[in-house]
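Each remark here refers to the structure printed beneath this line.
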Amino acid sequence: MIDDPDGVQVSPNPEKPRARQSKSRHPSLLIVSLGPADQPSPKTTTPPQPAQPTPSCELPSPSSVIPPNTPSPAQPTPASEQPFSSPVAPPNTAPPAEAEPTSEPPSSNSAPPNTPPPAEPEPSGEASFSDSVLPETPTLAQPPPASEPPASSTLLPTTTNLPLENTAPSSEAPTPSETQPSEPQPSDTSPTMPEIDASTDLFAAPIALNAPAAIFQVRTDHPVPRLGITSTGPHQTNKFYANFFLGNQNAPTYVHPYSVAWAKGQGASASWGLSVSHIEASQRVYGQASSGTNAVRYFLNPVGIQSLCLSAVELGSTTALTLDSMQSQSVNVNLLDKSGGRTLVTFPLVQGMAFVTAVYQGSTPAINSGVFFKTVTKSTNGPKAGVTKYTIYLEDGKVWHVYAYSSRGETLDLNVVNNGFARASRPFNGIIQVTKDPGNAEGVLDAASGAYPTAVTLSGAVANTQGSYTFTYTKAGISDTKLLMYALPHHTECFDANTNKGLTTVKLQTTTKGIATAVVGDAWTMVEPNMPVSMDFAPWDPVKGPQKTLKASYINTIAPVALKEISQNMEQQSDQNSMYFSGKALAKFAQLCYVVNDLLQNQRLAQTGLNNLKAAFSRFTLNRQQFPLYYESAWGGLVSSATYQTGNNGADFGNTYYNDHHFHYGYFILAASIIGYLDPSWLTKTNIDYVNTLVRDVANPSSQDKYFPVFRNFDWYHGHSWAHGLYETLDGKDQESSSEDAMHAYAIKMWGKTIKDARMEGRGNLMLSVIQRSLSNYYLYTSDNKVQPSNFIGNRVAGILFENKIDHTTYFGTNIEYIQGIHMLPLLPSTKLTRPAIFVNEEWQTYFSNGRADQVEGGWRGILYGNLATVDQKTAWDFFTAKNFDPAWLDGGVSLTWYQAYTAALMG
């Protein structure tokens, strides 16, 4: 047992890359992946592009990104033409060589977003426009109709209803007559939240407990099977462990700082257990440096390195994997001897766990390694009573500790069979834990051994501008041993005094979140001292607060523009075959109505626009849009019916597969919050229930709600959301638009404020503050950023942030205005919070100063100048009020009125 397999040479044997499922717009394609990035999910967001985009002649250096002209599902690209994905790297080998970019991107399957709608008659009214005033703002284009046939009945059976649900439309469904309320009036928004007791838990009470309204057709089926899931729904769809129930069930899961995967008899270890991997910064693979910034275009971490595998002798080719206790920050992964058979080993996985723990239930432990043992040493005196310890030196020079504990008093005796396999001498009932020693950490690890987390309870509170949130860990094992967990940089920045006492000097590199620090304690509390409680619908400054007064000269300039834009056909522009595009249109007009009513002080004109807006919104509260929403009970959520009706699994950017729900529904929540603010009579039970159902789908705070999972999108451990839904991927979950993530939190805050739900408003304020802190560490880079690699922060933004890599690109093109701009839109009162001035100035100087912004085409130019308005109002005002302003410079999801009013308000 103290054998040292000296002289055994471990020759690197790179695995043949395996075909895997792409999560591109055509996720059913099988591609062979070798290179640095994973395939993107059906596009996370489709912001504006130039009105006449020029096809790119080359792809970014090997990356996860489908080129801007990705084919539709009807025209799949051959595997040999696909971009590359994360390398499956053998131990002790050099990073793989970069592949050459594809030279001929496939044809496009999307129209420019700034395609104008059909012409409309000029609005009637007393005011008229001068020649310098723009014509009607073009709207976002709709995605083309799917060319695939409808799904077969075997995949998508007929609709059924939940018990006790009737199929008739709700008697409370809004009618057009309900959208004619009294004239709106300016409102004095309180600079503080409604009174809420500081002891009130923000997460204790559900938003609602009722079933979704009868307007939502119920499906008991879903195109994605729930592989291995044994617990009852609702089920998490966008959390870190989704790869265990998707595809082949063996793509990595990133628990940070480790990644784990079901080895499934593959790889260098040939184990059937759970492989454990940790990647050092020295093992990263970097892309080519940009000629302009000298920053590398991506960095990623190799996958498939099986440092240690926790297994059982009884596991083999009949092994089955199941999951239970699927919570927002934890899950149990079970390995059975066969499908429907006996559970041999259970792995409780919790984000940030310092030990990977295996719970053995009478099976014979086995430990494999694909890196191979150099020495395996048993400690003669265990670290504490009842705990057996082994220390394993691997051939890559890394040190791992193995701890075993049994409440029955059983001991673990390992026999080293060869340099890649050790097994126990008899069956074992208890836990085995493995952890990597980064150096000088053995004492801390020894002290924490024998205890492990099984779940996390989230709680939170607010008091004036201060908010806090707490992770309370459910613990098993040795009860008087405190847990050891790894905290990310944004956690340690805001630990309260008590949590801070648990900080240790033990640190490990994470894949994309900097260096994690080990913390001793059974609970953490993080404090956000400056929540944006004064923020409302007006342009907002972190120091000055809401800016609600415009000078008369500004009003005179903006008024004719507002008259033109508020007279546009709102029903037509919001009648899209996409929830994303429809929501953007509704939010645009809602902001426009707010400006006219509160900032321009024209209540009569605002009323006209508001009536039209409510009529347009009623299409959705009645669920009569082109692709109505379904409530599907297989996973538990509101999804677009587009995939059910067309068979196109990328329809509406994967909404049916739970992609981007916080983006799509966030715009609706934002629009509704403004409508309800301007006209409280609109806040009928039916309308509130509709919007609350959207909030429940993306940000349900309580497990008491049996229809939706808890916080589908927002990840309280990472401090931001994940947009990636039900698609298997080697690089884990991802999110592109950090600014639309902030938008959804802002929308929840303002909806809570509008309906006087203090808990919801408090959660929104807290989420915004956490997002701001997280983005400044992981997404938006100033020159002093110490978290991300120094050779990457020159990009200024992440591009697409995955759990395993960051790729400075987008899903829809490689133009720099796309990459930077997707983190700018939409321009909101919260923008100056989440995009600090120092960052905006550095980014502008890097990419857009000295006239470079004026070379940008299409709606992106307006986005850039809207972003500039947060720091340089004079230049932005001159741009948005220029007589030669081209309406093509407006994104279809924003009005010129809002750009002008936002800029003018901040100018004072």
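Anything in the stretch 799-823 that is open to solvent by less than 10 Å² (accessible area, probe 1.4 Å) and part of a loop (DSSP other than H, G, I, E, B)? List them, or say none.
G799, E803, N804, T809, T810, Y811, F812, G813, I822, H823
Of all residues in the stretch 493-530, count the ones that are within 26 Å of P542 (Cα to Cα), open to solvent by less than 20 Å² (accessible area, probe 1.4 Å) and aliphatic (A, V, I, L, M).
So the answer is 1.
Which one of these is surrounded by fewer than 23 Cβ atoms within 10 Å (Cβ to Cβ), in contact (Cβ under 8 Å) with a residue 24 or more places away in the chain and under 33 Å from the mean Cα position of the chain (by Cα): Q547, Q603?
When all the criteria are applied, what remains is Q547.
Between a first residue in the stretch 618-637 that is under 11 Å from H222 (Cα atoms) and a second residue that is open to solvent by 10 Å² or more (accessible area, probe 1.4 Å) and part of a helix (DSSP H, G or I), which pairs have beta carbons less than 7 Å apart while being 6 or more apart in sequence or on different chains?
Y630/Y644
Among the residues of the stretch 216-233, write down those that are open to solvent by less than 30 Å² (accessible area, probe 1.4 Å) and part of a loop (DSSP other than H, G, I, E, B).
Result: F216, D221, H222, P223, V224, G228.
Quick check, is A261 among the hydrophobic types (A, V, I, L, M, F, W, C), open to solvent by 30 Å² or more (accessible area, probe 1.4 Å) and touching a strand residue (DSSP E or B) at 6+ places or on another chain (Cβ under 7 Å)?
It is false that A261 is among the hydrophobic types (A, V, I, L, M, F, W, C), open to solvent by 30 Å² or more (accessible area, probe 1.4 Å) and touching a strand residue (DSSP E or B) at 6+ places or on another chain (Cβ under 7 Å).
Conditions tested, residue by residue: (1) within 32 Å of the chain's Cα centre (by Cα); (2) closer than 20 Å to I432 by Cα; (3) buried (at least 24 other Cβ atoms within 10 Å of the Cβ).
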residue	(1), (2), (3)
G265	yes, no, no
N332	yes, yes, no
L349	yes, yes, yes
A354	yes, yes, yes
Q361	no, yes, no
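Does the stretch 609-617 contain any residue that is open to solvent by less than 10 Å² (accessible area, probe 1.4 Å) and either among the polar types (S, T, N, Q) or under 30 Å from G467 (Cβ atoms) (or both)? Let's see the steps before the verdict.
Filtering the stretch 609-617 down to residues open to solvent by less than 10 Å² (accessible area, probe 1.4 Å) leaves 609-610, 613-614, 616-617.
Then keep just the ones that are either among the polar types (S, T, N, Q) or under 30 Å from G467 (Cβ atoms) (or both); that gives none.
No, the stretch 609-617 contains no residue that is open to solvent by less than 10 Å² (accessible area, probe 1.4 Å) and either among the polar types (S, T, N, Q) or under 30 Å from G467 (Cβ atoms) (or both).
Listed here are the residues, each with its yes/no results for (1) out of contact with any Gly (no Cβ under 7 Å at 6 or more places or on another chain); (2) of a type in the set (V, I, T); (3) at pLDDT 95 or above.
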residue: R423; (1), (2), (3): yes, no, yes
residue: N429; (1), (2), (3): no, no, yes
residue: K436; (1), (2), (3): yes, no, yes
residue: G443; (1), (2), (3): yes, no, yes
residue: A447; (1), (2), (3): yes, no, yes
residue: A451; (1), (2), (3): no, no, yes
residue: T454; (1), (2), (3): yes, yes, yes
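Looking only at the stretch 348-366, which residues are of a type in the set (V, I, T) and either free of Cβ contacts under 8 Å to residues at least 60 places away in the same chain or within 30 Å of H491 (Cα to Cα) (or both)?
Within the stretch 348-366, V350, V356, T357, V359 meet the criteria.
Let me confirm something: among T481, T505, which residue is β-branched (V, I, T), part of a strand (DSSP E or B) and modelled with pLDDT of 95 or more?
T505
Take K389 and tell me if it is basic (K, R), modelled with pLDDT of 95 or more and surrounded by fewer than 20 Cβ atoms within 10 Å (Cβ to Cβ). Step through it out loud before you land on a result.
On the way: basic (K, R): yes; modelled with pLDDT of 95 or more: yes; surrounded by fewer than 20 Cβ atoms within 10 Å (Cβ to Cβ): no.
No: the conditions fail for K389.
Please determine whether any residue of the stretch 530-537 is in a strand (DSSP E or B) and either out of contact with any helix residue (DSSP H, G or I) (no Cβ under 8 Å at 6 or more places or on another chain) or at pLDDT 95 or above (or both). Give the derivation first.
Here is the first cut: in the stretch 530-537, the residues in a strand (DSSP E or B) are none.
Within the stretch 530-537, not a single residue is in a strand (DSSP E or B) and either out of contact with any helix residue (DSSP H, G or I) (no Cβ under 8 Å at 6 or more places or on another chain) or at pLDDT 95 or above (or both).
Any residue that is surrounded by fewer than 24 Cβ atoms within 10 Å (Cβ to Cβ) and in contact with a His (Cβ under 6 Å, 6 or more places away or on another chain) - is there at least one of those in the stretch 776-787?
Yes, the conditions are met somewhere in the stretch 776-787.
Looking at D679, is it among the charged types (D, E, K, R) and surrounded by fewer than 24 Cβ atoms within 10 Å (Cβ to Cβ)?
no
Residues being touching a Pro at 6+ places or on another chain (Cβ under 8 Å) and within 25 Å of S407 (Cβ to Cβ): count how many of those fall in the stretch 372-395.
Selection size over the stretch 372-395: 1.
Quick one: which of Q845, Q772 is over 15 Å from V296 (Cα atoms) and more than 18 Å from the chain's Cα centre (by Cα)?
Only one candidate passes the filter, namely Q845.
Could you list all residues from the stretch 420-452 that are out of contact with any Lys or Arg (no Cβ under 7 Å at 6 or more places or on another chain), surrounded by fewer than 22 Cβ atoms within 10 Å (Cβ to Cβ), more than 28 Å from A516 (Cβ to Cβ) and not aromatic (F, W, Y)?
Across the stretch 420-452, the qualifying residues are R423, S425, R426, P427.
Does V399 fit the bill of being surrounded by fewer than 23 Cβ atoms within 10 Å (Cβ to Cβ) and under 23 Å from Y486 (Cα atoms)?
Criteria met by V399.
Scan (1) closer than 16 Å to W877 by Cβ; (2) in a helix (DSSP H, G or I); (3) open to solvent by less than 60 Å² (accessible area, probe 1.4 Å) for the single condition K564 breaks and write down its number.
Every condition holds for K564 apart from (1).
Quick one: would you say L828 is assigned to a helix (DSSP H, G or I) and closer than 24 Å to Q547 by Cβ?
Values: assigned to a helix (DSSP H, G or I): no; closer than 24 Å to Q547 by Cβ: yes.
No.
Which pairs have Cβ atoms under 7 Å, sit 6 or more apart or on different chains, and link a residue in the stretch 483-508 that is more than 20 Å from E528 (Cβ to Cβ) to one that is surrounded by fewer than 22 Cβ atoms within 10 Å (Cβ to Cβ) and acidic (D, E)?
Matching pairs, first to second residue: L483/D522.
If you scan the stretch 694-713, which residues turn out to be among the β-branched types (V, I, T) and either touching a Ser or Thr at 6+ places or on another chain (Cβ under 6 Å) or surrounded by fewer than 24 Cβ atoms within 10 Å (Cβ to Cβ) (or both)? Talk me through it step by step, then tell me what you get.
Step one: filter the stretch 694-713 for residues among the β-branched types (V, I, T), giving 695, 698, 710.
Within the stretch 694-713, just V710 meets the criteria.
Which condition number does K374 fail, the rest of (1) over 36 Å from the mean Cα position of the chain (by Cα); (2) without any contact (Cβ under 8 Å) to a residue 40 or more places away in the chain; (3) not in a loop (DSSP other than H, G, I, E, B) being met?
Tallying (1) over 36 Å from the mean Cα position of the chain (by Cα); (2) without any contact (Cβ under 8 Å) to a residue 40 or more places away in the chain; (3) not in a loop (DSSP other than H, G, I, E, B), K374 fails exactly one: (2).
Among the listed residues S553, S574, which satisfies the condition of being farther than 27 Å from I688 by Cβ and either without any contact (Cβ under 8 Å) to a residue 40 or more places away in the chain or buried (at least 21 other Cβ atoms within 10 Å of the Cβ) (or both)?
S553
If you go through the stretch 642-667, how many residues are in contact with a Leu (Cβ under 7 Å, 6 or more places away or on another chain) and either farther than 18 Å from F708 by Cβ or surrounded by fewer than 24 Cβ atoms within 10 Å (Cβ to Cβ) (or both)?
Of the residues in that region, 2 qualify.
The values are calculated or read from the model by the stated rules, or taken from the named source; none is laboratory data. For clarity, every value in this text was computed on a predicted model and none was experimentally measured. Heads up, the Cβs are rebuilt from the backbone with ideal geometry, glycines too, and the neighbour counts pull from every protein chain shown. Protein only, heavy atoms only, side chains kept; ligands, DNA and RNA dropped before computing areas. Shrake-Rupley method; radii C 1.70, N 1.55, O 1.52, S 1.80 Å.
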